[in-house]
Amino acid sequence: MRSSIDAMLPRPRQARRQSLTALGEAPDRVSAEFRKRVRVDLAAQDWHARFDEDSLRWFRERGVRMSDLLLGHLDTTRAVGRDQLIAQAEVLGREYGVEARRHGLSLGEGTQVFLFFRARFMSEIANVARRRSLASEQAALLFEEADRALDRVILALIAGHQAT
């Protein structure tokens, strides 16, 4: 009897994550704010001084591309598009791992570098939620999606580091 009554009750609607654009947040703006946050905090990082200018440029160019892919992933609501973007970000993550090892970073140090960028990326996602006054359910969906995407990239980085 209880299951019959439960079946008649309205089900809570599962919120769908909206794209950044639908939330009123331009991915280009988020990207610019993220890059600004990284530039400000980067000088205090010990590992940063271990790289020459060419290496820093290599990592910076791919980092910009990776953040664009991750933001594109968050701005796309179609599963196929999201999967393609995150797959490309994973390729870059793997390349990061290979290059980090080639430049003498241990897996722990490479992970620490990634976590530096991850923290700033997630801070910018938090700023999006604040600027747009997202309901907690929408904010949670956005954070979960960003977190899952970044998890896939760090696993690719680890695989790249270990493959060399």
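Things to note:
- Carbon/sulfur fraction of accessible area - the chain, other protein chains in place, 1.4 Å, %: 53
- Protection proxy ranking, highest mean first, for peptides 78-87, 46-55: 78-87, 46-55, where packing is the per-residue count of other beta-carbon atoms within 10 Å, averaged.
- For region 101-116, 3J(HN,Hα) computed residue by residue from phi via the Karplus equation (6.51, -1.76, 1.60; θ = phi - 60°) reads 5, 4, 8, x, 7, 5, 4, x, 5, x, 5, 4, 4, 4, 5, 4 Hz, glycine and proline entered as x.
- Stokes-Einstein D in µm²/s, Kirkwood radius over Cα pairs - region 17-164 at 4 °C with 1.567 mPa s viscosity: 83
- Using θ = phi - 60° and Karplus 6.51 cos²θ - 1.76 cosθ + 1.60, couplings along region 44-60 (whole Hz; Gly, Pro as x): 7, 8, 4, 5, 4, 6, 7, 10, 7, 4, 5, 5, 4, 4, 4, 5, 5
- Entry for region 65-109 at q = 0.13, 0.21 Å⁻¹: log10 I(q)/I(0) = -0.35, -0.67, Debye formula applied to identical alpha-carbon scatterers, no solvent contribution.
- The residues of the chain present an accessible area of 59 Å² per residue when probed at 1.4 Å with all protein chains retained.
- A straight chain from Arg65 to Ala119 at 0.36 nm per residue would run longer than the Cα-Cα distance by 17.7 nm.
The values are calculated or read from the model by the stated rules, or taken from the named source; none is laboratory data. Just so it is clear, the structure is predicted and the values come from calculations on it, not from any experiment. Every residue, glycine as well, gets a Cβ built from its backbone with ideal geometry; the counts of neighbours run over all protein chains shown. Note: accessible area is taken over every heavy atom of the protein model, side chains too, but ligands, DNA and RNA are not part of it. Shrake-Rupley method; radii C 1.70, N 1.55, O 1.52, S 1.80 Å.
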